[in-house]
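Following: one structure in structure tokens, then a few remarks.
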Amino acid sequence: MEFFDFYRKDRWPHQFCPGCGLGTVMNSLYKAFSDLNMDLKNTVFVSGIGCTGRVPGYINGDSVHTTHGRPIAFATGIKLARPDLNVVVISGDGDLFAIGGNHIIHAARRNVDIKVIAVNNATYGLTGGQLAPTTPHNMITTTSPYGNKEHPFALSELVAAAGANYVARWTTAHPNQLVNSIKTALTTPGFTFVEVISQCPVNFGRRNKMGDPVYHLRWIKDHSIPLSKVTFDMKSPFDFMDIDFKGIYTIGEFVKRDRAPYGKTIETENNILRPPKE
Amino acid sequence: MLSPGRYFLSGNVAVAEASLLAGCRFYSGYPITPSSEIMEHMAARMEKEGGVFIQTEDEISAIAAAIGAGMTGTKSMTATSGPGFSLMQENIGYAAMTETPVVIVDVMRGGPSTGQVTIVAQGDVMQARFGSHGDYENIVLSANSVQELIDLTIRAFNLSVMFRNPVILLSDAELARMIEKVEISKDIENVDFNQVKIPDVPEFRPLGRGNKLAITGLTHDERGYPITTDVNVHRTLVTRLVNKIKNNEKMISDVEIINPEAKNIIVSYGISSRAAYPILKKRRDVGLFRPRTLWPFPESKAKDVFEDKNIITVEMNLRGYDLEVERVARKYGSKNFRNIKIIGGEVPTPKHIMEVLEVN
Amino acid sequence: MYPTINTDYCKGCNLCVEVCPKTVFTVGKNLSQRGYFNPVVDYREKCTNFRLQKGQKILCEICWLTCPEHAIEFI
């Protein structure tokens, strides 16, 4: 499959800012699909609102751009109505975890057979760089001009705790590993989740001395450490996620397990209504 | 599925059974009084019919899942009540924008907010039509007996598929629990996708069939590509969405009209309209105009009835359908309007109407 | 085989300059037609795909994978 068999050439170049990490995610997604030889015909891409929500619109297949925060709910409906389809959700951190946080934990609990790629740029990029639930501690956004007083969400740990079958976190500075993880996610049955830490130089980096995409990517690379290389004492996974300018992202595959996916339940024999008397 | 014949069913069970007869094969819902029995019954019956039932985490995902299933060409339904219906509004607008067929049953209860949980009301009539933001039209049906709930549930599925639009069926807490004799006829007409060609309604294409659909809630052109800054694209799209319902009002509207020549016309719908029948038997100067399709307003059927008449609206809310009735009836020269508005759970009785009639 | 930059797509983010382990790219100094400073492929002989083989197999594609605009093509 060529790149422009996967993406719509008539919509290229895309609308994202120069240096946006979404382009890297799009390349990785294409690479994973073409390596696996998957058929676009049997795949539906679902997204919510936000910059990331616009990605499926560029894919040369079926795409559903839904309301804010609800892609998981729509995807659940699509998957259950047509179990033969692959349903892939591509959405951002604000969409999936702020407004749609309820849906993702329940989908992971239910283990619906949908694949989620969450692009975490730690801010609300499309609306102008507001505070997101994933914004690191102390960092500056338009709605936290004196620094973020809150603590960020640990997305991968949250989904792993909710019961997903496969959870991995990579960054846009690790595209090869990301491709492999997307491939594993696409082929693992059940709810799978890949988080991508991505740069947003224009609306997030610019306010945090990382306006150049190169600096932002370098920051992401310097502030991420593979799970296997974690050497210092780790009290809980949440200690890692309380990142600020000195903090760190743990990257790697968090969970790989084989819980039974949500499916059709057993047929029941008892009649609820009696037939009419002849 | 129920075989043709006579049954003794409650309103909620009737809705569930009728939806199966109409070909509904996807139900998602969240429990809420007084609509929970629809969901309980669906849970027991759906999988035997080869469909999918899912209890979602809230009403928002219930309607979202139903719309998602609708996009794949599965007839889908969800049922809810007051507060849940409010949560669903955004996605009802989404279904209208993306032209996805879906049926929503709203079992009305006393509001606002949590209100009267188990008590009947008709306060959702305006929300059913105007609940979501922006310009859109949807089809709202209202039943006044269990038999009619069955007929209108089947019609709701047919209309939603024909017009590619969300259809809302209004039941209420009283009808939901009322057990009545119903008859299921032998020939139920189920309209399939793309079976009926209607102007302004594009062909329905399901997901996952290689159609390369780009579905979006943004303003889009005919390819489905989002174009939000072009005046003409938005104007063309939204005008068509509104016109496909508005211009076909004659085809949609369904009104029970009794004694249209009478000087006094009672306009009522749903459970409150049942108070009118005893009066109609007694008095020749009273007629009834009872829309089964509340929205779009059945203007084509109103012309003959509303010409220079005394209009009495009977409903169970403080501000509702009377506004629309007055707007239409004034066009045809009616000047005398009286509204019987009873809230709190008391269903209007013939006595209420007689009091107003005798003042005349 | 070496990378080229498609100036119709490139938005001049210079991520390819950052990620390339062999420093094949350098930051551009001339404004392109679309108003961006596009990077230049200065040392294509350093590229792994150029050095280690003569065939059509792509050995390293980190710049291609990272480029957000799909502006890099191997020829």
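Each distinct pair of alpha carbons in the range B:256-359 adds a 1/r term; the inverse of their mean, the Kirkwood radius, is 13.4 Å. Let me make sure I get this right: for the range A:141-192, a, b and c are the square roots of the gyration tensor eigenvalues over alpha carbons, sorted descending. Under 1.5 in a/c it's rounded, otherwise prolate if a/b > b/c, else oblate. Which is it? Cα axes put the range A:141-192 in the oblate bin. Across chain B, Cα-Cα pairs more than 39 Å apart make up 14 percent of the total. The peptide list A:178-186, B:301-309, put in order of mean Cβ contacts within 10 Å with the highest first, becomes A:178-186, B:301-309. The Cα-based radius of gyration and maximum Cα-Cα distance (Dmax) for the range A:3-256 are 16.9, 52 Å.
Give the average, rounded to an integer, of partner chain Cβ atoms located within 10 angstrom of each Cβ in B:50-62. Working shown, then result.
Details: counts 2, 3, 7, 3, 6, 1, 8, 10, 4, 0, 8, 12, 2.
What the average comes to for B:50-62 is 5.
Here the label points at B:Glu358 and C:Gln56, each 7 Å from Cα along the C-beta direction, are separated by 9.6 nm in the simple model.
Largest GNM mean-square fluctuation across B:Leu159, B:Leu170, B:Leu237, computed for chain B with C-alpha springs under 10 Å, falls on B:Leu237.
Between A:Asp84 and A:Arg218, the FRET efficiency from the beta-carbon distance, with R0 = 45 Å, is close to 0.55.
Which values, in whole Å and largest first, are the semi-axes of the equivalent ellipsoid of the range C:3-74 obtained as the square root of 5 times each eigenvalue of the Cα gyration tensor?
Numbers: eigenvalues 90, 28, 21 Å².
So the equivalent ellipsoid measures 21, 12, 10 Å along its semi-axes.
For the range B:101-223, the square roots of the Cα gyration tensor eigenvalues, ordered a ≥ b ≥ c, give a/c of at least 1.5 with a/b no greater than b/c, which places it in the oblate category.
Counting only lysines at least 8 places from B:Lys246 when in the same chain, those with an alpha carbon closer than 24 Å to its own are B:Lys75, B:Lys197, B:Lys301, B:Lys303, B:Lys331.
For chain B, take the longest principal axis of its alpha carbons; what is the angle in degrees between that and the long axis of helix B:36-45, to the nearest 10 within 0 to 90? That helix lies at roughly 50 degrees to the long axis. Return one number: the angle in degrees, 0 to 90 and rounded to the nearest 10, between the long axis of the Cα atoms of helix A:213-222 and the longest principal axis of the Cα atoms of chain A. On a 0 to 90 degree scale, this one is about 80. In this calculation the C-beta distance from B:Arg177 to B:Met251 is compared with R0 = 25 Å, giving a FRET efficiency of 0.15. Modelled spin labels at B:Met1 and B:Asp308, positioned 7 Å past Cα toward Cβ, are 5.1 nm from each other.
Near B:Ile119: Cβ cut-off under 13 Å, other residues only, Lys/Arg at +1 and Asp/Glu at -1. The net charge is -1. As a rough guide to protection, the peptides B:122-130, A:222-230 ranked by mean Cβ packing within 10 Å, highest first, stand as B:122-130, A:222-230. Helix A:175-187 and the longest principal axis of the Cα set of chain A meet at an angle near 10°.
Using per-residue counts of other Cβ atoms within 10 Å, averaged over each peptide, order B:111-117, B:55-61 from highest down. Display every interim value, and only then the final one.
Values: B:111-117: 12.7, B:55-61: 21.6.
Result, highest mean first: B:55-61, B:111-117.
Viscosity 0.890 mPa s, temperature 25 °C: give me the Stokes-Einstein translational D for the protein assembly as shown in µm²/s, with Rh taken as the Kirkwood radius over C-alpha pairs. In µm²/s, the coefficient is 88.
Evaluate Rg over Rh across the range A:59-148, taking Cα atoms for both radii and Kirkwood's formula for Rh. Please list the in-between numbers first.
Numbers: Rg = 14.9 Å, Rh = 14.1 Å.
Rg divided by Rh gives 1.05.
Among the residues of A:4-12, the average count of other protein chain beta-carbon atoms within 10 Å of the residue beta-carbon is 2.
Which order do A:Trp12, C:Trp64, A:Trp170, A:Trp219 fall in if you start with the one that has the fewest other Cβ atoms within 10 Å? Show your work: numbers first, answer last.
Working: A:Trp12 14, C:Trp64 20, A:Trp170 28, A:Trp219 17.
The order, fewest Cβ neighbours first, is A:Trp12, A:Trp219, C:Trp64, A:Trp170.
A:Asn176 to C:Arg34: FRET efficiency via 1/(1 + (r/R0)^6), r the Cβ-Cβ distance, R0 35 Å, to the nearest 0.05? Show your work: numbers first, answer last.
Details: r = 29 Å, r/R0 = 0.84.
Here the calculated transfer efficiency is 0.75.
Per residue of B:201-208, other chain Cβ atoms within 10 Å of the residue Cβ number 4 on average.
Label-to-label distance for B:Lys263 and A:Lys41 is 7.2 nm, based on points extended 7 Å past Cα in the beta-carbon direction.
Sort the range B:1-125 into rounded, prolate or oblate with this rule: let a ≥ b ≥ c be the square roots of the eigenvalues of the Cα gyration tensor; rounded if a/c is under 1.5, and if a/c is not under 1.5, prolate when a/b is larger than b/c, oblate otherwise. Intermediate results must be reported in sequence, preceding the final value.
Details: a/c = 1.85, a/b = 1.12, b/c = 1.66.
Oblate shape, in that a/c is at least 1.5 and b/c is the bigger or equal ratio.
Here, each number is a calculation from the coordinates, and none is a lab measurement. Everything numeric in this text was worked out from a predicted model, so none of it was measured. Every residue, glycine as well, gets a Cβ built from its backbone with ideal geometry; the counts of neighbours run over all protein chains shown.
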